[in-house]
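Here is the structure we will look at.
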Amino acid sequence: MLRYLTAGESHGQALVTILEGIPAGLKVRAEEINEQLARRQKGYGRGGRMKIEQDQVDILSGIRAGKTLGGPIAMKIKNKDWVNWRKIMSAEGGSASGGDVAQDDLGQAKVVHHPRPGHADLPGGIKYQHHDLRNILERASARETAARVAACAIARKFLESFGVELVGHLVNLGGIGVTEDRPGVAEIAKRTEASELRCLDQGAEQKMIARIDQAKKVGDSLGGVIEVIVTGLPVGLGSHVQWDRKLDGRLAQALMSIQAIKGVEVGLGFESANRLGSEVHDEIFFTAKKGFYRSHNHAGGLEGGMTNGEPLVLRAAMKPLSTLYRPLRSVNIMTKEAYEATVERTDITAVPAAAVIAENVVAYTLADAFLEKFGGDSMDEILRNHAGYQKQVKDY
Ligand code: EPS
C-alpha cells in the first residue's frame, strides 16, 4: 500500500526519499516534517556532526498548495557537511593518477581499512568487494534515518487525521532504567520533549547524563531502551490469517531495521516468558459505556497479530554505537595484521534520537495497515471508510 525508499551517503551531497501511497488531500507542511527532523537531531551525548547539520526538507514533488496530490512525494535533505567531503565523496572523484581513491584538500584519502567491531564495515566490505570500508560505512550510517523520518513524518500526519496519538521516549540508558509509571501519551510527549534525553524520569535522567559524561571521558559509548506508545487505534489493524500480515511482525521489522537496534518487545515482552498464563493474559470485561476493555495491557495492544483496541506498547533495545574513541581490537583488511579499529567522529549515545526514529517508523507501519483496512485514494474516502468501520465495531 505504502512504500518508501531512501538514498544517500552520510557525507554525500544529500539524502533523498520517495514515498508513495499517501492518498490525495492530506494537509502537509514542510515545517511539520522539519519539526520531526529537528527532534531527531536532539539529545545529550550527540557528537560534533549535529552542530553542523540543521536538517530541513526540500519537497520536490507530490504536494501542492499544502496538500498531497496522491502521487509519489519526493524529498531532499542537504548534508551541510558535504562541503568538507566533496572531494572524497563526489561521483567524479578519484586521484589524479586515475586511481579510485579520492583525496581531500589536505591530501587525506580518509580510506578505512580497520573495521569497527559491531559495524557493517567488515561483512559489508567482504560482501560488496570493497577494500575501502568507507564505501560501506557511508551508507550504513544512521545519518540515513533523517530521510526515513522525513518520509515517515508524512505517514504520521496521515495517522493523526484519525485521532491517533503516539510518543517515543527513552526508558533505559546504559542500564539505568525509568521507574515512573507512564502517564497518558500527551503528558509523556510534553514532559519528554523538554528533557535532554527524552526521558520521563528526571531523577533517572541525571544519573544517565552522569553515565554519558563518564563514558565520554573513557572513550566509550552507551546504548539503551526506547518505548513507543500509540493510542486511538481501531481494533483489527493487521491480521491473524497470514504470517506477513501480522502487525506485530511488521512493527518489529520496522523497529529492527533502525541502525543499532538489537531487540524488540511488545507489551510485557520477554518478561511474559517468566510468568504463568494467569499472570500474563489481559482478562476481558464489557460495559455498555466502555465496550470491551481489559484488566491490564500486558499484550501491548496486539493479539493474534491484530490491534485489540488497547494502547500499542513497543520497546526496542539499542546497542552502544560501534565507533569508540578508545578503539577495540580489529584487523587491517589489507595486511591482515592486528590493528585498532578506525576512529570516526561519532556520538557517545544516540538513544534519544532513536526514540524519535522509532516513533516515526511505527507511524509509517501503522499508516500502511490503515490504508490496507480503510483503503482509498483520497482522505475523504478513507475517513468515510474508517467512520463506517468504527460504527460496525460499536454495533458488534
Ligand atoms: C554516525 C556517525 C556520526 C553521527 C551520525 C551517525 O556522523 P559523523 O561521522 O558525520 O560524525 O553524527 O549521525 C548523523 C549524522 C545523523 O544525522 O544522525 C554513524 O556512523 O552511524
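The values are calculated or read from the model by the stated rules, or taken from the named source; none is laboratory data. Worth saying up front: this structure is predicted, and the values here are computed from it rather than measured. Cβ placement follows ideal geometry from the backbone for every residue including glycine, while neighbour counts extend to all protein chains displayed.
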**Criterion violated by K67 - all others in (1) away from the ligand (no atom under 11 Å from the Cβ); (2) under 26 Å from R250 (Cα atoms) satisfied** = (2)
**Message:** Can you report the number of residues in the stretch 52-107 which are of a type in the set (V, I, T) and either more than 16 Å from T6 (Cβ to Cβ) or at pLDDT below 70 (or both)?
**Reply:** 6
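Results for (1) over 30 Å from N308 (Cβ atoms); (2) in a loop (DSSP other than H, G, I, E, B); (3) touching an Asp or Glu at 6+ places or on another chain (Cβ under 9 Å); (4) basic (K, R), shown as yes or no for each residue.
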position: G163; (1), (2), (3), (4): no, yes, no, no
position: H169; (1), (2), (3), (4): no, no, yes, no
position: R182; (1), (2), (3), (4): no, yes, yes, yes
position: R211; (1), (2), (3), (4): yes, no, no, yes
position: K216; (1), (2), (3), (4): yes, no, no, yes
position: D220; (1), (2), (3), (4): yes, yes, no, no
position: V225; (1), (2), (3), (4): no, no, yes, no
position: Q253; (1), (2), (3), (4): no, no, no, no
**Request:** Mind telling me which of the residues A102, A150 ends up being of a type in the set (A, V, I, L, M) and within 15 Å of the ligand (Cβ to nearest atom)?
**Result:** A150
**Item:** Options R40, R49, R29: the member that is more than 16 Å from the ligand (Cβ to nearest atom) and either more than 14 Å from C152 (Cα to Cα) or in contact (Cβ under 8 Å) with a residue 12 or more places away in the chain (or both)
**Value:** R29
**Prompt:** Does any residue in the stretch 329-355 that is within 21 Å of N135 (Cβ to Cβ) and assigned to a strand (DSSP E or B) come within less than 8 Å, Cβ to Cβ, of a residue that is among the polar types (S, T, N, Q) and away from the ligand (no atom under 16 Å from the Cβ) six or more places away or on a different chain, and which pairs are these?
**Reply:** Y339/N332
**Request:** Please specify each residue of the stretch 45-85 satisfying the condition of being part of a loop (DSSP other than H, G, I, E, B) and in contact with a helix residue (DSSP H, G or I) (Cβ under 6 Å, 6 or more places away or on another chain).
**Result:** G45, D55, Q56, K80, D81
**Message:** Looking at the stretch 273-296, can you tell me whether even one residue there is out of contact with any Pro (no Cβ under 6 Å at 6 or more places or on another chain), under 27 Å from G175 (Cβ atoms) and in contact (Cβ under 8 Å) with a residue 24 or more places away in the chain?
**Reply:** no
**Request:** Output the residue which, of all residues in the stretch 1-19 that are surrounded by fewer than 21 Cβ atoms within 10 Å (Cβ to Cβ) and polar (S, T, N, Q), is farthest from the chain's Cα centre (by Cα).
**Result:** Q13
**Request:** Please work out if D81 is buried (at least 17 other Cβ atoms within 10 Å of the Cβ) and out of contact with any Gly (no Cβ under 8 Å at 6 or more places or on another chain).
**Result:** yes
**Request:** Could you tell me which residue of the stretch 228-251 is nearest to G291 (Cα to Cα), considering only residues that are touching a residue at least 40 places away in the same chain (Cβ under 8 Å) and among the polar types (S, T, N, Q)?
**Result:** T231
**Asked** If we scan the stretch 165-184, do we find a residue that is in contact (Cβ under 8 Å) with a residue 60 or more places away in the chain, surrounded by 23 or more Cβ atoms within 10 Å (Cβ to Cβ), away from the ligand (no atom under 16 Å from the Cβ) and closer than 23 Å to V57 by Cβ?
**Response** yes
**Fill in**
In the stretch 324-342, anything closer than 22 Å to G224 by Cα and within 16 Å of the ligand (Cβ to nearest atom) is listed as L324, Y325, P327, L328
**Request:** Test R315 against the criterion of being away from the ligand (no atom under 16 Å from the Cβ), within 20 Å of G184 (Cβ to Cβ) and either among the charged types (D, E, K, R) or within 24 Å of the chain's Cα centre (by Cα) (or both), and give yes or no.
**Result:** yes
**Complete:** Matching residues in the stretch 268-296 (surrounded by 13 or more Cβ atoms within 10 Å (Cβ to Cβ) and more than 24 Å from the chain's Cα centre (by Cα)) number 8
**Asked** Mind checking which residues of the stretch 1-16 are assigned to a strand (DSSP E or B) and within 14 Å of the ligand (Cβ to nearest atom)?
**Response** T6, A14, L15
